[in-house]
Structure formats: structure tokens, C-alpha cells
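Let me begin by presenting the structure, written as C-alpha cells, before commenting on it.
Throughout, read-outs are computed from the coordinates displayed, never taken from laboratory work. Keep in mind the model is a prediction, meaning the values are calculated, not measured. Here the Cβ is made from the backbone with ideal geometry for all residues, glycine too, and neighbour counts use every protein chain on show.
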Amino acid sequence: MANSIIFVSGKGGVGKTMISTNVSTALARTGKRVLLLDADFGLANANIMLGVKSDYSLADVLEGTVEINKAISKTKEGLRILCGGSGLSNLVGLDQEARFRIIRLVEPLEDTIDYLIIDAPAGIEENALCYAGASDEICLVLTTEPTSFMDAYATVKVLSIEKKINKIKVVVNMAESIPSGKAVFGRFQDIVCRFLPVTLELTGVIPSSKNIQQSIVNRSPMSKNNSNFKDISLLSEISHTIVNNIKTSETNNVTFFKGLLSGAA
Ligand SMILES: Nc1ncnc2c1ncn2[C@@H]1O[C@H](COP(=O)(O)OP(=O)(O)O)[C@@H](O)[C@H]1O
Ligand SMILES: [Mg+2]
């Protein structure tokens, strides 16, 4: 049974894909078996950021065009990537039979991995909520912009009300500095604490960095042979903080995909 971690955000463009690809890569580098599920159909670009080609998605697998292994690409670090494609874009509209078909197809995958990392669609539409509800761990990506703040609050509120989620990790991205990122988290926590029964935990602050931006342009995760060692260690530190604090048991007998499809019922 794999541990599942989802990266969510209130609005797009806050760094979910950058963080999920780098955290997955950092984990794969430590020898863990990691599958990154790109569930952001609007802007499915995890494979692009990682510089690997994906010819097929889960949608093709569900149509019976290809076998599941054909839809999974592998990076040189050994990270596996599966694009959800339109196959998982409308969970809410799926009938019982389609759900069972997905479960049969993808559930065995979870026995072959240690961590399932999900790059979620932005916002609070029903599908994104189902993904979050099925994950062991939720990590919210927040930036210092006021609009990110408000959308993130709306997301936490819906997760709390609709999915009864009461613990969320937070990564502050694109901060001017580590202290200013911590201050943003403090303000966000104050507001959330006051109005919602949700505990937030700061996992890490990632500063706005030219190296990070360049690694995206270069279509490769932060690599050790660049001059960006400080940023890499920050990202691996964050991935280890996330992994070391994963809660156990509660969802441990339900796989992510089974939980996902029953949550969408
Ligand atoms: N820490 C950072 N420093 C500099 N630029 C960043 C950082 N994080 C993200 N970006 C920029 O923001 C853009 C959007 O990031 P992305 O991961 O695609 O967001 P999302 O998946 O949330 O839509 C990237 O193309 C990159 O240029
Ligand atoms: Mg994205």
C-alpha cells in the first residue's frame, strides 16, 4: 500500500507542479519507488517539467487502447509518471461500472510503489475535492499574493466542510525570503484557526529563485550538477519533512484509487 500525498492550491500558477515534480524526484533519488499522478487535466505539464515524453494517459488505458505500463514514463532518477488525462477528469460523472474498471486497472499499481504523489487540479471543484479526500496527506501551496491567500482560504474551508479534513500541511512558495514566508504562514494560520476546525502545519518556505525558474525552462528537476545546491537541499528537505510526518493507519487499508472513486459516489 502506497502512501499518498496530494499538492493542492486555491489558484493555478503557484508552483504545485514545480513542487510535486521536485519532491517526487527527491524521493526517487533516495531509492523510494515513487509514482507521480498528474491529475491537473487543464494544464497537465508534469512530464514537460521533467523532460519526459508521455504518449499515453490513463484515458487511453481506460479506453483499452494501451496497457497501463505503456502510459507510465520513467525519468532517469527512476521516478514514474502517469498522466490522468481526461480519464480521471470527470469522476463525478462516472457510472459504477467505469469506476470498478478504473479500480481494477490502477489499484495493483499501488502495490509496486512506496509513494503516490498527486499533482491536483487547482481550486475547489468537485473532482479536486475527491482527490484530496482520498489522499493520506494534503499539502497546500500558498504564495504571498493576496489573491492566493483568499483562494487558499476558500480551499481549506471547502476541504474542512465537505471532506471533514482537519489537518493540512502548507508550503509557502515564491516568498521574498524565508522569514517573510514564515510570516505569511503565520497570518494565514491566524485566520484559519479563528474560523475553521483545521490545524495547519508549515512544511517549508521556498523563496522565489532564478535557479528554480531556470530549471523549469530547462525541463529538468533541480539537479545536483547545477550551481543551485542551496535550492535543491531546500526542496529535498521539504520532501523529507513531508514524508517523515505522514500520518499512518487511518486510511491505510483503503488504497488511494478505491478511496477516490468511492468518494466521488
Ligand atoms: N520558487 C519559485 N521561484 C521562481 N519561480 C517559480 C517558483 N515556483 C514556481 N515558479 C514559476 O511559476 C510558474 C508556475 O509554476 P507551476 O508549478 O506550473 O504552478 P501550478 O502547477 O501551481 O500551476 C513556473 O513556470 C515558474 O516559472
Ligand atoms: Mg500545474
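For labels at C193 and T65 in the simple 7 Å Cα→Cβ model, what's the distance in nm?
Using points 7 Å along Cα→Cβ, the separation is 5.1 nm.
Restricting the calculation to Cα positions, tell me the Rg (one decimal) and the Dmax (whole number) of the chain in Å.
17.4, 51
If you take the alpha carbon radius of gyration of segment 73-159 and divide it by 2.2 N^0.38 Å, what ratio comes out, to two decimals?
So the Cα radius of gyration is 1.27 times the expected 2.2 N^0.38 Å.
Over all alpha-carbon pairs in segment 117-174, figure out the percentage whose distance exceeds 16 Å.
I get 38 percent for the Cα pairs in segment 117-174 exceeding 16 Å.
Within segment 108-212, list the GluC sites (Glu not before Pro) lying in a DSSP loop whose Cβ has at most 13 other Cβ atoms in a 10 Å radius.
Within segment 108-212, the qualifying GluC sites (Glu not before Pro) (loop, at most 13 other Cβ atoms within 10 Å) are E125, E176.
Which percent of the Cα-Cα distances in segment 118-219 go past 23 Å?
27 percent
Of all beta bridges DSSP finds with both residues in the chain, what is the antiparallel percent, to the nearest 5?
Approximately 10 percent, going by the DSSP bridge assignments.
Among the lysines in segment 57-179, how many pairs, 8 or more places apart or on different chains, have alpha carbons under 29 Å apart?
So the count of such lysine pairs works out to 4.
Rounded, prolate or oblate for segment 1-141? Axes are the square roots of the Cα gyration tensor eigenvalues, ordered a ≥ b ≥ c, and the cut-off for rounded is a/c under 1.5.
Taking the square roots of the gyration eigenvalues as a ≥ b ≥ c, segment 1-141 is rounded.
Summing -39500 (n - 2.57) over the DSSP H runs of n ≥ 4 in the chain and dividing by its residue number, what mean residue ellipticity at 222 nm do you reach, to the nearest 500 deg cm²/dmol?
Taken over the chain, the calculation gives -13000 deg cm²/dmol.
Provide the gained length on full extension for the span Q96 to E126, in nm with one decimal, where the gain is 0.36 nm per separating residue minus the Cα-Cα distance.
9.1 nm
When only Cα pairs under 8 Å and 6 or more residues apart are kept, what is the percent relative contact order across the chain?
Here the relative contact order equals 27 percent.
With springs only between Cα atoms under 10 Å apart, run a GNM on the chain and tell me which of N47, N245, N127 wobbles the most.
Checking each option, the largest mean-square fluctuation is seen for N245.
To the nearest 20 debye, what is the magnitude of the charge dipole of segment 3-245 about its Cα centre, counting +1 on the Cβ of each Lys and Arg and -1 on the Cβ of each Asp and Glu?
680 debye
Dipole of the chain (Lys/Arg Cβ +1, Asp/Glu Cβ -1, origin at the Cα centre): which of F256, N211, T17 lies farthest to the positive side?
N211
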